[in-house]
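Working notes, structure below.
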């Protein structure tokens with residue numbers, strides 16, 4: 001962590017790196033360091049032991065350059081073999097888009113079977129525009145998803161809409177480690193569909209921004225890290241009791257010697273470590 005802080009300081013001093021405004025790199029790094037101490041790879045080994053020092057430093061460096069906060073679940077650290085990688089969550093993608101791509105707000109909705117949904121494409125600008133979307137409460141079921149769309153409003157009030165049908169969404173899910181078969185996908189398919197279309201829409205804006213060289217282009221997948229981490233939490237939740245007391249050190253148990261009677265008018269004897 002200290003080496004990354006020093007590296008960032010050198011880049012800033014030489015004008016080679018600009019940290020986002022209102023972002024504390026030191027706080028984010030300290031939070032990441034605490035999180036990494038409890039992060040394990042797929043073999044249940046601590047990533048601080050199984051991953052290379054260089055990959056750990058690079059993952060934390062990427063976090064800072066993008067202005068991400070791991071405490072806010074804007075990014076996750078995932079081990080691939082001996083390399084630790086940083087994965088940006090959809091919340092992190094939204095934060096980056098608002099900071100670098102002139103984005104004011106993002107809204108996503110799911111289209112279900114039975115919905116009346118129509119949109120058109122402006123032949124002059126190529127931008128898509130929603131004409132009508134009517135839903136019925138009884139049709140809001142994860143088993144009846146037909147697609148999803150995201151509506152992004154820029155600071156100049158320009159509207160950008162992107163839509164994906166369920167085949168496109170599921171094809172995107174296949175790029176993940178779970179292949180779209182996790183409990184999160186099965187039980188919260190509507191939320192995962194919204195995440196997928198949000199990621200796809202915002203990544204186009206981020207990767208075309210002036211700071212696009214700071215952000216690694218990623219596949220149009222759903223929030224892979226979010227899904228994997230949530231599955232891990234559910235599997236391991238409440239399996240161990242967490243003690244707030246410090247771990248006892250291994251010492252040889254000794255019985256206290258019986259106290260000897262003191263002579264009258266004698267000076268007290270001070271015993272024990274430190275005296």
- prompt: Are there any pairs with C-beta distances below 9 angstrom linking a residue in the stretch 129-141 that is assigned to a loop (DSSP other than H, G, I, E, B) to a residue that is modelled with pLDDT under 90, with the two at least 6 apart or on different chains, and if so which?
  reply: 140/190; 141/190
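How many residues, within the stretch 12-47, are outside any loop (DSSP other than H, G, I, E, B) and in contact with a strand residue (DSSP E or B) (Cβ under 9 Å, 6 or more places away or on another chain)? Don't jump to the end; show me each part of the working.
Quick first cut of the stretch 12-47, residues outside any loop (DSSP other than H, G, I, E, B) only: 12-13, 25-37, 40, 46-47.
Filter once more, so that each one left must be in contact with a strand residue (DSSP E or B) (Cβ under 9 Å, 6 or more places away or on another chain): 32, 35-37, 40, 46-47.
Adding up the residues that qualify gives 7.
The rows are residues; the columns are (1) within 13 Å of the chain's Cα centre (by Cα); (2) surrounded by 13 or more Cβ atoms within 10 Å (Cβ to Cβ); (3) in the same structural domain as residue 98 (by TED's automatic domain parsing); (4) on the phi > 0 side of the Ramachandran plot.
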| residue | (1), (2), (3), (4) |
| --- | --- |
| 33 | no, yes, no, no |
| 53 | no, no, no, no |
| 58 | no, yes, no, no |
| 63 | yes, yes, no, no |
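Can you tell me which residue among 42, 72 is farther than 30 Å from residue 137 by Cβ, surrounded by 13 or more Cβ atoms within 10 Å (Cβ to Cβ) and over 16 Å from the mean Cα position of the chain (by Cα)? Steps first, please.
Values: 72 fails: over 16 Å from the mean Cα position of the chain (by Cα).
Unique residue meeting the criteria: 42.
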- prompt: Can you find a residue in the stretch 151-174 that is under 20 Å from residue 88 (Cβ atoms), in contact with a helix residue (DSSP H, G or I) (Cβ under 6 Å, 6 or more places away or on another chain) and either modelled with pLDDT under 90 or not in a strand (DSSP E or B) (or both)?
  reply: yes
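The values are calculated or read from the model by the stated rules, or taken from the named source; none is laboratory data. All of these numbers come straight from a predicted model, not from anything done at the bench. Using ideal geometry, Cβ is built from the backbone for each residue, glycine included, and neighbour counts are taken over all protein chains shown.
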